[in-house]
Structures are given as C-alpha cells and as structure tokens.
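Written below as structure tokens is the structure these notes are about.
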Amino acid sequence: MQKRKVIIDCDPGIDDSLAILLALNSPELDVVGITVCSGNVPAKLGAKNALKALQMCSSLDIPVYLGEEYPLKRELVTAQDTHGEDGLGENFYEEIKEAIVNEGGVDFIIDTLIKEENVSIIALGPLTNIAKALMKDKEAFKNLDEFVSMGGAFRIHGNCSPVAEFNYWVDPHGADYVYKNLSKKIHMVGLDVTRKIVLTPNIIEFINRLDKDMAAFITEITRFYVDFHWEQEKVIGCVINDPLAVAYFIDRSICSGFESFVEVVEDGVAMGQSIVDSFDFYKKESNAIVLTEVDEKKFMYMFLKRLFKGYESIIDSVEGVI
Ligand code: BDR
Ligand code: CA
C-alpha cells in the first residue's frame, strides 16, 4: 500500500491526542511531522503533549515542531477549562525526556512542501501556522496534496459563541486568510459532523476490558472532558472532534457534504463564524468541501479497531456498545 504523507498541525488537547493516536495506528498514513500552534493550550505545552501521544505509540522518532504561539491578531484565549490546565485532563504526566520539541513549525511546513511530493495537511487546531506559512511562501503550497481542517460550523450552533467553533474563533484572521488564499479546496470537518462523535461511558467501560495501557490513557485524559461536557451541555460522555478529521482523510465514505465558498468572520458579534455560501449568493468559486453527514458508527469502529489491534472480533461482536 502506498502510504500518504501527512503533516498533522494541532494544539493538543485531549481530542488532538486521540487524533494523533488514530493517525499513528493507521497503515495508510506516513506522518512526516507534527506542528503545534497555540489553541487549547499555549503552543509550548501543546508540543510537549504531542510527544506524550507519540510515546503512547512508540513513535518518538516522528518530529514535533513548535509553531506560532499567538494568533495573527487576536489575543490568545486557550481552552484550559475544557482540556485541563495541562491540556491532557489534568493528569500532569511526567515530561517526555526521550525526544525534543524542535523550533520552526512554520518553516518545517514550507520545507516539507518544497522537498516532498504529495504531502497533505490535517489541521486540528487554529489555522495560525498554516496562515503564516502561506504568507511566507504561497508558492510552496502548490505542491500540497489535500488539506483537511477540523473547524467551523455550518447549520449547527457554535461552541464558543452561538455561531463560532473554537479553532476558527481563536484565530479568525488566520482561518479567513487560509480560506481565501489556499489554492486547494479545504475539507471542512466542522461541528455539524464532529458533534455526533461521542465517546460514551459504555465505550470507555468496554475499552477498559481490552488493552490496559491504551485504555488507561484514553480514560485518564477524557475524564476531565467528560465532566466538562456534563456541566456545559448535559452530555454524557465527550465529543471527540479531531479524530474524525483523520478518519475522514483515510476513508471518504465516513463523511459527505457539498462544495461551497466559505469565509470566516474576523470580528464583531459573529467573530469566528464560518459563513458557508450554500445558496451561491456571492457567485464565487467554491473553496471548500463542507461536510454535513457522518457515519458515526463507521468512525467508531475504525477508531476502536485501530487503537485496540487484536481485539477486532470482540469489537465487532459487542452489541449495543457502539
Ligand atoms: C476543536 O476545538 C478544540 O477544543 C478541539 O481540540 C477541536 O479541535 C473543536 O471545536
Ligand atoms: Ca484541536
């Protein structure tokens, strides 16, 4: 199988960590590097958390790069109320000493696009690193294969304001810049689809009967997130947005949607809102594929089977868990 090269640009983050675990357990992907920007937590902390996810997969050879520490124009607002002070559910894991965080996330993105053919980017955080890289060397992006962004909301309410999703709300200028300047259509994996991806207490109970280390890590990091979901939205379990972007990149049958022109509101009451011109008012060429439908069970089977290899037949046979 020809592996697809990807850069994961992220802000780990609980669900970013789950997305990294999924990517590294997916034979279709060759993760060439992980770049981190500020979002859920300040970038330096997020980069350390990325190392933790790599360690869980015995993949500390994959380079992690520190990217932008501040959004393009806004002051940084993190989501440590959601992800914990440490970004990993307040487990305060020991720092990983076996690998380092490299400087220069933006240059890594540019250099990789120049040197390697057919590299894709899966962006799981604010689009600050990507906007900066585009500003610095738009030409390099001609070599980009595909671009998937977890972010935005079309017909569904936001999670930071009535209309704005976190990643685009943190850096609306970065997000809008990327939508307006990337030459490739952006696969927008927004809240319309990710809100349907819920890690339920049943699933958590179930995985704890399987592989102990992986289950313990997932249970530990999601505990804080589960409490937040109950307090905030009266949801039992937790919504895990970011792994859906990875799953969709691997298997297009998991989500479907339509092409449209999209822009992101930079300020004012609707700051961070993704405006999807689904009725073609603007008569502008589409710059995005907006995902609106998701096969959540298909996602969950993929996610569990890949993180819990060797348990595929039990995963298939347990009725009512997924
Ligand atoms: C997004 O915001 C972050 O908190 C998550 O990691 C995800 O990328 C969901 O709105
Ligand atoms: Ca994220």
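The values are calculated or read from the model by the stated rules, or taken from the named source; none is laboratory data. These figures come from a predicted structure and were not determined experimentally. Please note: Cβ atoms are built from the backbone with ideal geometry, for glycine as well, and neighbour counts cover all protein chains shown. These area figures cover heavy atoms from the full protein model, side chains too; ligands, DNA and RNA do not enter into them. Shrake-Rupley method; radii C 1.70, N 1.55, O 1.52, S 1.80 Å.
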TODO: With respect to residue 156, determine if the residue is at pLDDT 95 or above, away from ligand 2 (no atom under 16 Å from the Cβ) and over 23 Å from residue 275 (Cβ atoms).
DONE: no
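Among the residues of the range 138-149, what is the count of those that are open to solvent by 60 Å² or more (accessible area, probe 1.4 Å) and in contact with a Lys or Arg (Cβ under 8 Å, 6 or more places away or on another chain)?
Result for the range 138-149: 0.
Residues checked against (1) crowded, with 17+ Cβ neighbours inside 10 Å; (2) touching a residue at least 12 places away in the same chain (Cβ under 8 Å):
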residue: 281; (1), (2): no, no
residue: 287; (1), (2): yes, yes
residue: 298; (1), (2): no, yes
residue: 306; (1), (2): yes, yes
residue: 320; (1), (2): no, yes
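Is it the case that some residue within the range 243-252 is closer than 16 Å to residue 122 by Cα, of a type in the set (D, E, K, R) and open to solvent by less than 10 Å² (accessible area, probe 1.4 Å)? Spell out the reasoning first.
Just the residues of the range 243-252 that are closer than 16 Å to residue 122 by Cα, to begin with: 243-252.
Checking which are of a type in the set (D, E, K, R) leaves us with 251-252.
Of the ones still in play, those that are also open to solvent by less than 10 Å² (accessible area, probe 1.4 Å) are none.
Looking through the range 243-252, none of the residues is closer than 16 Å to residue 122 by Cα, of a type in the set (D, E, K, R) and open to solvent by less than 10 Å² (accessible area, probe 1.4 Å).
Kindly evaluate residue 217 against the criterion of being under 30 Å from residue 84 (Cα atoms), assigned to a helix (DSSP H, G or I), at pLDDT below 95 and among the aromatic types (Phe, Trp, Tyr).
Numbers: under 30 Å from residue 84 (Cα atoms): yes; assigned to a helix (DSSP H, G or I): yes; at pLDDT below 95: no; among the aromatic types (Phe, Trp, Tyr): yes.
No: the conditions fail for residue 217.
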Task: Residues (open to solvent by 10 Å² or more (accessible area, probe 1.4 Å), without any contact (Cβ under 8 Å) to a residue 60 or more places away in the chain and closer than 16 Å to residue 68 by Cβ) located in the range 112-137 - done: 135, 136, 137
TODO: Any chance you could count how many residues in the range 30-45 are over 15 Å from the mean Cα position of the chain (by Cα) and farther than 15 Å from residue 128 by Cα?
DONE: 3
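Which residue, of 26, 58, is modelled with pLDDT of 95 or more and crowded, with 18+ Cβ neighbours inside 10 Å?
Details: 58 fails: crowded, with 18+ Cβ neighbours inside 10 Å.
The match here is 26.
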TODO: For the range 199-235, name all the residues that are surrounded by fewer than 16 Cβ atoms within 10 Å (Cβ to Cβ) and of a type in the set (Gly, Ala, Ser).
DONE: 216
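For the range 1-119, please list each of the strands (runs of 3 or more DSSP E) lying entirely inside it that holds at least 3 residues being away from ligand 2 (no atom under 16 Å from the Cβ). Please lay out each step first, then the result.
On the way: elements: 4-10, 29-36, 64-66.
Qualifying strands (runs of 3 or more DSSP E): 29-36.
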Open item on the list: If residue 53 satisfies all but one of (1) within 16 Å of ligand 1 (Cβ to nearest atom); (2) farther than 19 Å from residue 302 by Cα; (3) touching a helix residue (DSSP H, G or I) at 6+ places or on another chain (Cβ under 7 Å), what's the number of the condition it fails?
Closed with: (2)
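With respect to residue 93, is the statement that it is closer than 24 Å to residue 265 by Cα, open to solvent by 10 Å² or more (accessible area, probe 1.4 Å) and of a type in the set (Ser, Thr, Tyr) true? Break it down stepwise before answering.
Details: closer than 24 Å to residue 265 by Cα: no; open to solvent by 10 Å² or more (accessible area, probe 1.4 Å): yes; of a type in the set (Ser, Thr, Tyr): yes.
No; evaluated as a whole, the condition is false for this residue.
Filter the helices (runs of 4 or more DSSP H) completely within the range 225-322 down to those with at least 2 residues that are within 16 Å of ligand 2 (Cβ to nearest atom) and of a type outside the set (Val, Ile, Thr). Spell out how you get there, then give the answer.
On the way: elements: 242-250, 296-307, 312-317.
The helices (runs of 4 or more DSSP H) meeting that bar are 242-250.
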Open item on the list: I'd like to know if the range 139-149 contains one or more residues that are touching an Asp or Glu at 6+ places or on another chain (Cβ under 7 Å), away from ligand 1 (no atom under 12 Å from the Cβ) and among the basic types (Lys, Arg).
Closed with: no
- [ ] Go through (1) in a helix (DSSP H, G or I); (2) within 22 Å of residue 286 (Cβ to Cβ); (3) away from ligand 2 (no atom under 16 Å from the Cβ); (4) not aliphatic (A, V, I, L, M) one by one and return the number of the condition residue 174 breaks.
- [x] (3)
TODO: Could you grab the pairs with beta carbons closer than 6 Å, sequence gap of 6+ or different chains, first residue in the range 5-24 and closer than 17 Å to residue 248 by Cβ, second one of a type in the set (S, T, N, Q) and within 11 Å of ligand 1 (Cβ to nearest atom)?
DONE: 15/241
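Would it be correct to say that residue 81 is within 14 Å of ligand 1 (Cβ to nearest atom), acidic (Asp, Glu) and on the phi < 0 side of the Ramachandran plot? Break it down into steps so the answer makes sense when it comes.
Details: within 14 Å of ligand 1 (Cβ to nearest atom): yes; acidic (Asp, Glu): yes; on the phi < 0 side of the Ramachandran plot: yes.
Criteria met by residue 81.
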